[in-house]
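Participant: Sharing a structure, written as structure tokens. Questions coming.
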Amino acid sequence: MRDVELADIQGNILRGYNQPHFRYVYYRVGDPAQGQAFLARLVPSITTAQPWRDGKPSWTLNVAFTIRGLFAMGLPREVLATFPIEFREGMRERADILVDRGESAPAQWEPPWDGEGVHCWVGISANHPSERDRRYEWVEQQRSAFPAIERVGMQDAGKLTIDGQLSPKEHFGYTDGIGNPSIDGVPGRKTAGGGKIAPRGDGWQPIAPGEFLLGYGDEAGEISPTPRPVRFFRNGTFMVFRKLEQRVAAFRRYAAEEGARYPGGVEQFKAKLVGRWPDGTPVELSPDQPDPSIANDPSRNLDFTYGGDPLGARCPMGAHIRRANPRDATGFGGLLSNRHRIIRRGVMFGDWLPEGAEDDGGRGLLFIAFNASIERQFEFVQQQWMNFGNDFCLGNDRDPLIGHRDGRGDKLVIQGDGNGRTPWITSPMPAFVVTKGGDYFFMPSLSGLRLLANAEAELNPEAF
């Protein structure tokens, strides 16, 4: 297989930046010529997937567009029509598939995700707030030359500060960023458990790049379906962006009440919900207590399967991480799971909630996922694995953390462990996560961005 063209791929897709400070800026484009001129100024500063020669840069910059944004940028209708239907419809129109209902319904979304939504997403990360602010001011300076480009919102995010220290944890208190796939053709260490199970079950192999990038072979041995013209789409990807409010006080209260009844206590109960202990130790490898020797060892904290735990005695069938990536739990040596992997690059917004404080709606996750097929990957995971239980023999039960709640009384079954403990069923769960907005974006390659910046000449129907 040929190497992945790192110099033409936007950064943060294949390699997480792991910067402490982020700012996402949202724009609408009122004139194609001005939109193209604005983009042309940004392109030379876009961060690529090339390895960093002198260590991590002090800042990064990336850009992506919704279907409405590409139209506003002057992309011909003939090109727009070749995009997959889920991207053309956008996240609002796919709300029923995503089970964004009730409090999470698009009618309840926050600006700028209500109404006309967003055309262009600009992502900035930095090693210091002042560096983030400087880069943002530079972007805004470029925009100021084009009155038809309107900034409609922005969101700061990044690592949480807990007890005065930057932390890898998310708002519910669990170490985040574990479990992204290893990708074939991409340099860097391939972590055991980060890819797919080898055909004979005797190790791990990286996932085909076509699962995440357009124009490459995927896990079916085929070139991932690529819209036309190929030169615009190759090395691009689809980005799912969702603003998810986390109800931390509700989670803590529920865990404390249920954990007081659960034989293993509060901390083990929470670990059974998530599938990991707060430090990242997988429950499948250490069901009774966290194990720092596993949690702090990248070669071990992903190196497990569920085939030896078919009933969920160690890690419950409905635990969050088992639903998100069932590995071999769906049978066929993990082949089914391999077609539904995503790359996650989410970051936290809002401050850490002090113990005893009540929810105020000010914190959560800016969820970002990259995939070659939104429908087959993100939407499948969200609908079938997070909000339905049939693949796990759980009927209509939903994910304990991010599953939609509609008053049906969703629960989690914690199986007995064979040592005298009988199965234990939780009380009905309230909503811990609510969708506040989002959309589907296309993140073009560097070549694609240059073409888009000159769309009238380069991407007219006669050019392909």
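The values are calculated or read from the model by the stated rules, or taken from the named source; none is laboratory data. All figures in this text were calculated on a predicted structure; none of them were measured in a lab. Note: ideal-geometry Cβ built from the backbone for every residue, glycine included; neighbour counts use all protein chains shown.
Participant: From the list ALA64, ALA7, ALA72, exactly one residue is out of contact with any helix residue (DSSP H, G or I) (no Cβ under 9 Å at 6 or more places or on another chain) and either more than 25 Å from GLU137 (Cα to Cα) or at pLDDT 95 or above (or both). Which is it? Before you say what the answer is, go through the steps one by one.
Facilitator: Numbers: ALA7 fails: out of contact with any helix residue (DSSP H, G or I) (no Cβ under 9 Å at 6 or more places or on another chain); ALA72 fails: out of contact with any helix residue (DSSP H, G or I) (no Cβ under 9 Å at 6 or more places or on another chain).
After ruling out the rest, the residue left standing is ALA64.
Participant: Take region 190-205 and flag every residue that is within 23 Å of the chain's Cα centre (by Cα) and in contact (Cβ under 8 Å) with a residue 60 or more places away in the chain. Spell out how you get there, then give the answer.
Facilitator: Filtering region 190-205 down to residues within 23 Å of the chain's Cα centre (by Cα) leaves 190-197, 204-205.
Selection gives THR191, ALA192, GLY193, GLY194, LYS196, ILE197, TRP204.
Participant: Any idea which of GLY275, GLY236 is in contact with a Lys or Arg (Cβ under 8 Å, 6 or more places away or on another chain), at pLDDT 95 or above and not β-branched (Val, Ile, Thr)? Before the answer, list the steps.
Facilitator: Values: GLY236 fails: in contact with a Lys or Arg (Cβ under 8 Å, 6 or more places away or on another chain).
None of the other options fit; the residue is GLY275.
Participant: Look through region 164-192, keep the residues that are touching a strand residue (DSSP E or B) at 6+ places or on another chain (Cβ under 6 Å) and farther than 30 Å from ALA250 by Cβ, and return whichever of them is modelled with the lowest pLDDT.
Facilitator: ALA192
Participant: Related question: Mind listing just one residue for me: the one in region 337-368 that is outside any loop (DSSP other than H, G, I, E, B) and touching a Pro at 6+ places or on another chain (Cβ under 8 Å) and, of those, farthest from TYR174 (Cα to Cα)? Working first, answer last.
Facilitator: If we filter region 337-368 for residues that are outside any loop (DSSP other than H, G, I, E, B), which is where we start, we get 337-338, 343-344, 347-349, 364-368.
Next, only the ones that are touching a Pro at 6+ places or on another chain (Cβ under 8 Å) stay: 337, 343.
Numbers: SER337: 24, ILE343: 19 Å.
Among residues in region 337-368 that are outside any loop (DSSP other than H, G, I, E, B) and touching a Pro at 6+ places or on another chain (Cβ under 8 Å), the one farthest from TYR174 (Cα to Cα) is SER337.
Participant: Which one is surrounded by the fewest Cβ atoms within 10 Å (Cβ to Cβ) among residues in region 390-436 that are farther than 17 Å from GLY264 by Cβ, of a type in the set (Gly, Ala, Ser) and at pLDDT 80 or above?
Facilitator: ALA431
Participant: While we're here: Being surrounded by 20 or more Cβ atoms within 10 Å (Cβ to Cβ), modelled with pLDDT under 95 and out of contact with any Leu (no Cβ under 6 Å at 6 or more places or on another chain) narrows it down to one of GLY35, GLY117, GLY55, so name that one. Even if it seems obvious, please write down each step before you answer.
Facilitator: Numbers: GLY35 fails: modelled with pLDDT under 95; GLY55 fails: surrounded by 20 or more Cβ atoms within 10 Å (Cβ to Cβ).
After applying the criteria, what remains is GLY117.
Participant: Quick test for you: out of THR66, THR161, pick the one residue that is out of contact with any Phe, Trp or Tyr (no Cβ under 6 Å at 6 or more places or on another chain) and β-branched (Val, Ile, Thr).
Facilitator: Numbers: THR66 fails: out of contact with any Phe, Trp or Tyr (no Cβ under 6 Å at 6 or more places or on another chain).
Going through THR66, THR161 in turn, just one is out of contact with any Phe, Trp or Tyr (no Cβ under 6 Å at 6 or more places or on another chain) and β-branched (Val, Ile, Thr): THR161.
Participant: Kindly indicate whether any position in region 206-214 is assigned to a loop (DSSP other than H, G, I, E, B), closer than 30 Å to ALA105 by Cα, aromatic (Phe, Trp, Tyr) and in contact (Cβ under 8 Å) with a residue 24 or more places away in the chain.
Facilitator: The answer is yes; a qualifying residue exists.
Participant: Something else now. Being polar (S, T, N, Q) and closer than 28 Å to LEU302 by Cα: is that true of THR226 here?
Facilitator: Values: polar (S, T, N, Q): yes; closer than 28 Å to LEU302 by Cα: no.
So THR226 fails the test.
Participant: What's the number of the condition ALA208 fails, among (1) in contact with a Gly (Cβ under 6 Å, 6 or more places away or on another chain); (2) surrounded by fewer than 24 Cβ atoms within 10 Å (Cβ to Cβ)?
Facilitator: Condition (2) is where ALA208 drops out.
Conditions tested, residue by residue: (1) in a loop (DSSP other than H, G, I, E, B); (2) of a type outside the set (A, V, I, L, M).
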site	(1), (2)
ASN18	yes, yes
GLN36	no, yes
LEU42	no, no
PRO51	yes, yes
GLY55	yes, yes
ARG68	no, yes
GLU78	no, yes
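Participant: Next question, about the same structure. Quick one: which strands (runs of 3 or more DSSP E) sit completely within region 133-194 and have at least 1 residues that are surrounded by 15 or more Cβ atoms within 10 Å (Cβ to Cβ) and among the hydroxyl-bearing types (Ser, Thr, Tyr)?
Facilitator: Values: elements: 149-158, 160-162, 165-167.
Per the criteria, 165-167.
Participant: In region 109-130, how many are without any contact (Cβ under 8 Å) to a residue 12 or more places away in the chain and either more than 14 Å from ASP439 (Cα to Cα) or under 17 Å from the mean Cα position of the chain (by Cα) (or both)? Quick ask: steps written out before the conclusion?
Facilitator: Within region 109-130, the subset without any contact (Cβ under 8 Å) to a residue 12 or more places away in the chain is 115, 130.
Subset that is either more than 14 Å from ASP439 (Cα to Cα) or under 17 Å from the mean Cα position of the chain (by Cα) (or both): 130.
Result for region 109-130: 1.
Participant: Answer with yes or no whether GLU245 is modelled with pLDDT of 95 or more, in contact with a Cys (Cβ under 6 Å, 6 or more places away or on another chain) and surrounded by 16 or more Cβ atoms within 10 Å (Cβ to Cβ).
Facilitator: On the way: modelled with pLDDT of 95 or more: yes; in contact with a Cys (Cβ under 6 Å, 6 or more places away or on another chain): no; surrounded by 16 or more Cβ atoms within 10 Å (Cβ to Cβ): yes.
For GLU245, the condition - modelled with pLDDT of 95 or more, in contact with a Cys (Cβ under 6 Å, 6 or more places away or on another chain) and surrounded by 16 or more Cβ atoms within 10 Å (Cβ to Cβ) - is not met.
Participant: Here's another thing I want to ask about it. Got at least one residue in region 21-30 being of a type in the set (A, V, I, L, M), in a helix (DSSP H, G or I), surrounded by 15 or more Cβ atoms within 10 Å (Cβ to Cβ) and touching a Gly at 6+ places or on another chain (Cβ under 9 Å)?
Facilitator: To start, the set of residues in region 21-30 that are of a type in the set (A, V, I, L, M) comprises 25, 29.
With the extra rule that they be in a helix (DSSP H, G or I), the set shrinks to none.
No, the conditions are met nowhere in region 21-30.
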